[in-house]
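Visitor: Sharing a structure with you now.
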Amino acid sequence: MTVDTSTRGVEDIGAPAPHEAYADAPGLHREMHRILALGAEREGRQAGPAAPPPADPVAAERAWLLRRAALMDRMALDEPDPGPVGAAARTAEQLLRYDRRHPGLAAGPHHPGAETPADIRRRYVRQEYTAWTAAGRPGA
């Protein structure tokens, strides 16, 4: 029997384990510096590299949100204290909200539902990071 996953909510997600989702991720410090630089560029606080603006600014914004949420998730995994865990939850929620507004950008098999329980949000980030990496990191 084939299960139609197109209408399944993120609560049914079978996200990869963190070590699988982030197997090919850059080191934490390197990714942190890159995300901070991208954030400064997008906010106009720092001039960007001598490259043209992204062809798809919506996809580029989504890639930044995803990378930031994945970084916060990884940091919370390394240090599961309230601060890092809270930051991971907040950035995961920001990604979910963006994906709800731009559903065509969600790359994993389970799309975000209107109500996503807090304990599922970080698994959604792992699912999306895995799919984004497999797709060649579009928008980055």
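The values are calculated or read from the model by the stated rules, or taken from the named source; none is laboratory data. As the structure is a prediction and not an experimental result, all values here were calculated from the model. All Cβ positions, even for glycine, are placed from backbone atoms using ideal geometry, and neighbour counts span all protein chains on display.
Visitor: Identify all residues within the stretch 126-140 that are in contact (Cβ under 8 Å) with a residue 40 or more places away in the chain, closer than 12 Å to Ala63 by Cα and not hydroxyl-bearing (Ser, Thr, Tyr); write none if there are none.
Guide: Across the stretch 126-140, the qualifying residues are Glu128, Trp132, Arg137, Pro138, Gly139, Ala140.
Visitor: On the basis of being under 19 Å from Ala15 (Cβ atoms), modelled with pLDDT under 90 and in contact with an Asp or Glu (Cβ under 7 Å, 6 or more places away or on another chain), does Ala107 make the cut?
Guide: So Ala107 fits the description; yes.
Visitor: Still on this structure, please answer the following. Does the stretch 85-110 hold any residues that are assigned to a helix (DSSP H, G or I), within 22 Å of Pro138 (Cβ to Cβ) and among the hydrophobic types (A, V, I, L, M, F, W, C), and which are they?
Guide: Ala92, Leu95, Leu96, Leu105
Visitor: Quick one: in the stretch 101-125, which of the residues that are in contact with a Gly (Cβ under 9 Å, 6 or more places away or on another chain) and closer than 18 Å to Ala63 by Cβ is surrounded by the most Cβ atoms within 10 Å (Cβ to Cβ)?
Guide: Per the criteria, the residue is Tyr124.
Each row is one residue, and each column tells you yes or no for (1) at pLDDT 85 or above; (2) more than 16 Å from Ala106 (Cβ to Cβ); (3) assigned to a helix (DSSP H, G or I); (4) among the aromatic types (Phe, Trp, Tyr).
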{"residue": "Val3", "(1), (2), (3), (4)": "no, yes, no, no"}
{"residue": "Ala25", "(1), (2), (3), (4)": "yes, yes, no, no"}
{"residue": "Arg30", "(1), (2), (3), (4)": "yes, yes, yes, no"}
{"residue": "Ala40", "(1), (2), (3), (4)": "no, yes, yes, no"}
{"residue": "Gln46", "(1), (2), (3), (4)": "no, yes, no, no"}
{"residue": "Ala50", "(1), (2), (3), (4)": "no, yes, no, no"}
{"residue": "Ala69", "(1), (2), (3), (4)": "yes, no, yes, no"}
{"residue": "Leu77", "(1), (2), (3), (4)": "yes, yes, yes, no"}
{"residue": "Gly83", "(1), (2), (3), (4)": "yes, yes, yes, no"}
